[in-house]
Structure formats: C-alpha cells, structure tokens
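Here's the structure, in structure tokens; my notes come after.
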C-alpha cells in the first residue's frame, strides 16, 4: 500500500503528502462480507519503504535469498542454487 500511496503523491493525484488509502476485503463465506480498512501513508512511510527496497536490492545483489519453493520453480533461473541450500527449520 505504501507504493500506491507514493505513486498517488508523485503523480499529483493527491493534494496533500499524507494520503488516505483503503483496503477493501471481500470474504467469501456463507454470508459474504465486505470490510474496509483505512490507512494513511505519509513521507516517513515513504522513507521506510525506500529503506526496505534498498535492503532487498542489496540482498539480491549479494545473492542472498530465502528459498520459496512452489509451482514457479520449474522456470526459475535460481532453481539449482535453491536446491543446494539447506531448508530453513
């Protein structure tokens, strides 16, 4: 949501730096329910977002990754490297 908030701010779609955003969660149960969750993203949130992105990119550059096996493994260029690493306990 922080990325959406930053995009809204940078494109000029919002008049303020702190943007009110909303998650709409539809629960598919016997009686469906729609819940709305509001959140605000502001400059400190954007700064936290970019620190996290930089940390992830630094990890990728150092080839540090957490194996996440699944259906996508057959086409993954890191498949062999993932098989050589011990599974987390």
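The values are calculated or read from the model by the stated rules, or taken from the named source; none is laboratory data. Because the structure is predicted, anything quoted here is derived from the model rather than measured. With ideal geometry, Cβ positions are generated from the backbone for all residues, glycine too; neighbour counts draw on all protein chains shown.
Quick notes
- Among the residues of the range 60-89, the one identified as under 23 Å from the mean Cα position of the chain (by Cα), in a helix (DSSP H, G or I) and modelled with pLDDT under 80 is 82.
- Any hit, the range 19-41, residues being surrounded by 10 or more Cβ atoms within 10 Å (Cβ to Cβ), in contact with a strand residue (DSSP E or B) (Cβ under 9 Å, 6 or more places away or on another chain) and assigned to a loop (DSSP other than H, G, I, E, B): no
- Flag for residue 78 being over 27 Å from residue 4 (Cβ atoms) and surrounded by 10 or more Cβ atoms within 10 Å (Cβ to Cβ): yes
- Residues of the range 2-18 that are assigned to a loop (DSSP other than H, G, I, E, B) and surrounded by 15 or more Cβ atoms within 10 Å (Cβ to Cβ): 14 alone.
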